[in-house]
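Here's the structure, in structure tokens; my notes come after.
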Amino acid sequence: GSCALTECLEKAANAIGWKEKRSAPRGSGPIRRGVGIGCGLHVTANRQLADWDGSTVAIKFNEDGRVNLICGEGDIGQGAATVLSQIAANELGVPLEHIIVTTPDTDTTPFCFGAFASRVTMLAGNAVLKAARAARVQLLAVAGEKLEVAPEDLTIEDGVIHVVGAPHRKMTVGEACVANIFRRDGEGIFTRATYDAPTVMADKQIFYGNVSTAYSFAAQAIEVEVDTETGQVRVLDVVAADDVGKALNPLTVDGQIHGAVAQGLGYALYEGLVTENGRLVNGNLADYTCPTAEATPGVRTILIESIDPNGPYGAKGASETPITPTAGAVSNAIYHAVGVRITSLPITPEKVLRALKAKGAVA
């Protein structure tokens with residue numbers, strides 16, 4: 001539905017000064033510099049666990065006009081609760097702080113698969129859109145009766161329903177909620193909606209099938225410094241350009257990209273399971289090497305909005321994709337710096353030194 005990979009590549013390359021640095025001398029001493037680019041893609045949702053890949057949410061208005069957004073999707077630090085609240089607040093015309101997102105609970109919240117495959121914004125976001133729009137219809141219907149106008153002549157802003165062109169004729173969302181309850185056959189405003197992605201399960205024999213409702217793309221340009229005497233690789237600069245569809249909350253998207261790059265650098269340079277005689281010898285955080293803050297450079301992010309037709313307001317997955325290009329970009333930068341190609345991860349100093357020795361000379 002949307003793909004801005006070409007723009008990701010171009011902007012990442014331009015930001016790091018690709019043409020100039022690729023043609024510049026790499027030095028003749030033990031320290032050599034190089035730049036490399038990597039790119040990748042990732043699904044937004046994945047129809048593989050069952051022939052259903054959806055999300056269900058419910059919206060319950062309280063008598064004071066505040067909203068309970070009842071959802072079984074988990075916020076594991078990616079900012080899902082914030083984004084879902086933003087969607088609900090925008091559709092309902094109420095302040096963001098009036099949205100309360102429930103904690104997932106299998107006893108009380110609708111069934112959801114949870115946070116994997118970069119699926120929550122796309123699937124739960126679309127479900128919130130449907131539920132919120134249905135709740136808005138109920139609000140405007142009861143307000144129309146009270147204000148004696150057609151629902152289509154009303155709008156909601158900052159928790160207040162008023163007649164278009166006559167802002168003095170108004171009532172609060174809370175007053176509309178009370179009016180909907182305290183009348184014959186009245187009830188609280190409560191809506192429920194499910195969004196099931198328009199995808200197909202992959203054929204288990206040939207593994208063809210569009211399992212994802214959208215795909216995110218990313219490119220990274222990375223500059224490294226390689227010590228040819230020790231094999232040590234130091235990452236100097238990272239430019240991460242990501243096609244995120246629409247950044248509903250740019251700050252959280254930016255944070256997700258920073259975290260993804262750190263994880264990608266872990267794959268590229270540090271992380272790996274070490275065994276001796278079939279036994280794991282680095283199975284704890286004291287011995288398992290992860291990138292530290294000191295080893296992680298500042299990441300320059302570029303958000304590219306391709307506006308996906310299936311996503312809420314054009315959004316698609318924006319968290320896991322930036323993990324994908326990092327290792328390839330680092331490997332390409334090392335090749336540019338010293339002329340050896342490392343094809344297994346992590347790229348340790350020992351592997352670099354062995355490759356340099358096998359090559360016979362530093363490029």
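The values are calculated or read from the model by the stated rules, or taken from the named source; none is laboratory data. All values derive from a computational prediction rather than experimental measurement. Note that each Cβ is placed from the backbone with ideal geometry, even for glycine, and that neighbours are counted across all protein chains shown. The protein model used for the area step is the full one, side chains on, heavy atoms only, and it has no ligands, DNA or RNA in it. Shrake-Rupley method; radii C 1.70, N 1.55, O 1.52, S 1.80 Å.
Please grab the % of Cα pairs in the stretch 1-142 that end up more than 26 Å from each other. When every Cα pair of the stretch 1-142 is considered, 46 percent fall beyond 26 Å.
With 31 Å as the limit, write out which pairs from 11/316; 316/351; 19/357; 170/316; 246/351 have Cα-Cα distances beyond it, or answer none. Flagged as over cut-off: 316/351; 170/316; 246/351.
Roughly what % antiparallel, to the nearest 5, for the DSSP beta bridges in the chain? Once the DSSP bridges in the chain are tallied, antiparallel ones form about 85 percent.
Accessible-area rank, largest first, for 351, 146: 146, 351, with all protein chains present and a 1.4 angstrom probe. What number, in percent, do you get for the relative contact order of the stretch 10-122 if the mean sequence gap of Cα pairs under 8 Å and at least 6 apart is divided by its residue count? Taking the mean separation of contacting Cα pairs over the length of the stretch 10-122, I get 28 percent. When the Gaussian network model of the chain links Cα atoms closer than 10 Å, the mean-square fluctuations of 73, 225, 152 top out at 152.
Karplus-based coupling profile of the stretch 307-318, in residue order and whole Hz: 6, 7, x, 8, x, x, 6, x, 7, 8, x, 9, with θ = phi - 60° in 6.51 cos²θ - 1.76 cosθ + 1.60 and x standing for Gly or Pro. Relative to the longest principal axis of the C-alpha atoms of the chain, give the angle of the C-alpha long axis of helix 120-147, reported between 0 and 90° and rounded to the nearest 10°. The angle comes out at about 20 degrees.
Take the Cα pairs of the stretch 161-207, get the Kirkwood Rh, then feed it into Stokes-Einstein at 20 °C and 1.002 mPa s and tell me D in µm²/s. Here the translational diffusion coefficient equals 142 µm²/s. A cut-off of 5 Å between modelled amide H atoms, ignoring neighbours fewer than 5 places along the same chain, links residue 301 with 240. Pick from 47, 119, 279 the residue whose mean-square fluctuation is largest in a GNM of the chain, springs joining Cα atoms under 10 Å. Comparing 47, 119, 279 in a Gaussian network model of the chain, the most mobile one is 279.
Evaluated on the stretch 277-335, the Kirkwood hydrodynamic radius is 15.6 Å, with distances taken between all distinct Cα atoms.
Across 191, 199, 289, mean-square fluctuation computed from a Gaussian network of the chain (C-alpha pairs under 10 Å connected) peaks at 289.
The angle between the Cα long axis of helix 326-338 and the main principal axis of the chain comes to about 30°, on a 0 to 90 degree scale. Mean projection of the Cα convex hull over all viewing directions, computed for the stretch 86-175: 6.8 nm².
The alpha-carbon atoms of the stretch 138-255 define a convex hull whose volume equals 250 cubic angstrom per residue. Using the alpha-carbon positions of the stretch 236-321, Rg (one decimal) and Dmax (whole number) come out as 16.8, 54 Å. Between the helical axis of 250-265 and the longest alpha-carbon principal axis of the chain there is an angle of about 30 degrees. Spin-label model, residue 287 to residue 341: label points 7 Å out along the Cα-to-beta-carbon direction sit 3.5 nm apart. When all alpha carbon pairs of the chain are counted in 20 Å bins from zero, the resulting P(r) reads 26, 44, 23, 7, 0 %.
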